[in-house]
Amino acid sequence: MTENAPQPLDMLLKSVKALEPLIRAHVEEAERNRRLSPSVVAALREAKLFRMYIPKTLGGLEVSPQILYRVVEEISRVDGATGWCTFIGAVAGLFGGFLPDAVAEHMFGADPEVILGGALFPPGIAKVSDGGYQVSGRWSYASGCYDCTWLAGGCLVLENGERRLVGGLPEMRIIYVPRSQATIVEDSWQVSGLVGTGSNDFILEEVFVPENHSHILGPGAPRGKHYQSPLYTTYPFVSAFAFPMGAVALGIAQGAIDAVMTLAQTKKPAGQTDTLRDRAVFHFQLADAVALVESARAWLYASVEQAWAVAHTGRPATREERGRLVLAAANATRSAAAATDLVYTAAGGTANYLKSPLQRSLRDIHALTQHIATSPQQWERGGRLLLGLDPLLPLLLL
């Protein structure tokens, strides 16, 4: 790469900028259909946004966490549902590292349009069978499942009718099946926020899954030959996989701030002669919202940057370092929600109309706050890690 060659972040942000008119043009369609427009998904695929975490040796972009966070935030500024689906599809590339090399090469290398989705909970049942498992279950919140090529599901393992144990605990495996083997439950995604994500339930009924299309997920899990860089080995897995939803939240909040600043130029509150932008109370509300978003963004990105630097030293992150990542991501979501509430209220009755982007921002941000990875439990988990205690969620050490 020459000194003046475009950098990955610049190229990806340029792609997002080019996609913005298309995404905005199909927001209402996505809300009506409760899934992203096929034309938007096709454009995201063409821009390789679902390949951000796939290894370069498999034809992916293998970008740093900082780049993925930034790109996801920028898409979410345009539309929360599109940002969410981009985040889910992009981070799923991490899971190939837990599969045998040949399977990862088939799933993520052979198909340039691959999108992996799915859900870990509620867990299905994987009955031990010759060469693999007979899997049945119904999984919820499978974002973007209509557009996926593969679906993953978390399963409890049954052997001879009893739960198989690992280290004294019930074994939990993740299984992978082609999207064609699953049944998507129509009309199961009836929600108030992030409506366009198409996060329907899906069902498997006695589907055979080969052993090599499954794995246990936990600390110490080995990585395949394509997954040996710091992104896949020493950078905290949960920060790479789950915490980018903090970037989704910040993008939604920034989009709401942008919308209210545009509205403030012309809106005159009922019974008033001056515009919203000239009113002192609006100045306070706007400043408060901007401070919340920009301070939360600074902490989140600084934490990710620090963790990325540590990963490049070859050592795993300490409990304290992981705890700060947990808290920075949780704070980003909480602060983004507070900022969105502020600007929605500042906009007055105008924000309540369906034609206003602010009502969608409000619904989307509060759908995100309900996710388990942004719940109040995260503060407890972060606090335990800061004290050097073992986390109640072992995945935080992966």
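The values are calculated or read from the model by the stated rules, or taken from the named source; none is laboratory data. These numbers come from a predicted model, not from an experiment. Quick reminder, even Gly has a Cβ in these numbers, built from the backbone with ideal geometry, and neighbours come from all protein chains shown. What goes into the accessible areas is simple: the full protein's heavy atoms, side chains included, and nothing from ligands, DNA or RNA. Shrake-Rupley method; radii C 1.70, N 1.55, O 1.52, S 1.80 Å.
Between T233 and L120, the simple label model (points 7 Å from Cα in the Cβ direction) yields a spacing of 2.3 nm. The residues of the stretch 189-317 have, on average, 43 Å² of accessible surface per residue, using a 1.4 Å probe with all protein chains present. When the helix-only estimate is applied to the chain (DSSP H runs of n ≥ 4, each -39,500 (n - 2.57), divided by the residue count), what is the mean residue ellipticity at 222 nm, nearest 500 deg cm²/dmol? Result for the chain: -14000 deg cm²/dmol, rounded to the nearest 500.
Pull up the cross-link candidates among the lysines for K14, meaning alpha carbon to alpha carbon under 18 Å and not fewer than 8 places away within one chain. Leaving aside lysines fewer than 8 places away in the same chain, those within reach of K14 are K48.
Simple rule: put +1 on each Lys or Arg Cβ and -1 on each Asp or Glu Cβ in the chain, find the dipole, and look at V248, V128, A338; the Cα lying farthest toward the positive end is A338. Here the spin labels are modelled as points 7 Å beyond Cα on the Cα-Cβ line, and at T57 and H366 they lie 4.8 nm apart. Is the stretch 17-109 best put as rounded, prolate or oblate by its Cα gyration tensor, with a ≥ b ≥ c the root eigenvalues, rounded for a/c under 1.5, and otherwise prolate when a/b is larger than b/c, oblate when not? The shape class here is prolate. Judged by the ratio a/c of the largest to the smallest principal axis of the C-alpha gyration tensor, the stretch 92-164 counts as oblate, that ratio being 1.5 or greater while a/b is no larger than b/c.
Nonpolar atom fraction for the stretch 19-158, defined as the carbon and sulfur part of the 1.4 Å probe accessible area, stands at 54 percent. The portion of the accessible surface of the stretch 238-326 made up by carbon and sulfur, rounded to a whole percent, is 58 (1.4 Å probe; DNA, RNA and ligands excluded). Just the accessible area per residue of the stretch 1-118, please: how many Å² with a 1.4 Å probe? Accessible surface, normalised per residue, equals 40 Å².
Listed by chain and number, the lysines whose alpha-carbon sits under 17 Å from that of K355, ignoring those within fewer than 8 places in the same chain, are K267. Phi-derived couplings, Karplus 6.51 cos²θ - 1.76 cosθ + 1.60 at θ = phi - 60°, listed residue by residue for the stretch 16-26: 4, 4, 5, 7, 3, x, 5, 4, 4, 5, 10 Hz, with x used for Gly and Pro.
From the alpha carbon centroid of the stretch 16-92 to that of the stretch 330-398 is 20 Å.
Values (i) 20.8; (ii) 27.0; (iii) 23.7 are given for comparison; mean projected area of the Cα convex hull in nm², derived from the coordinates here, is the one labelled (i).
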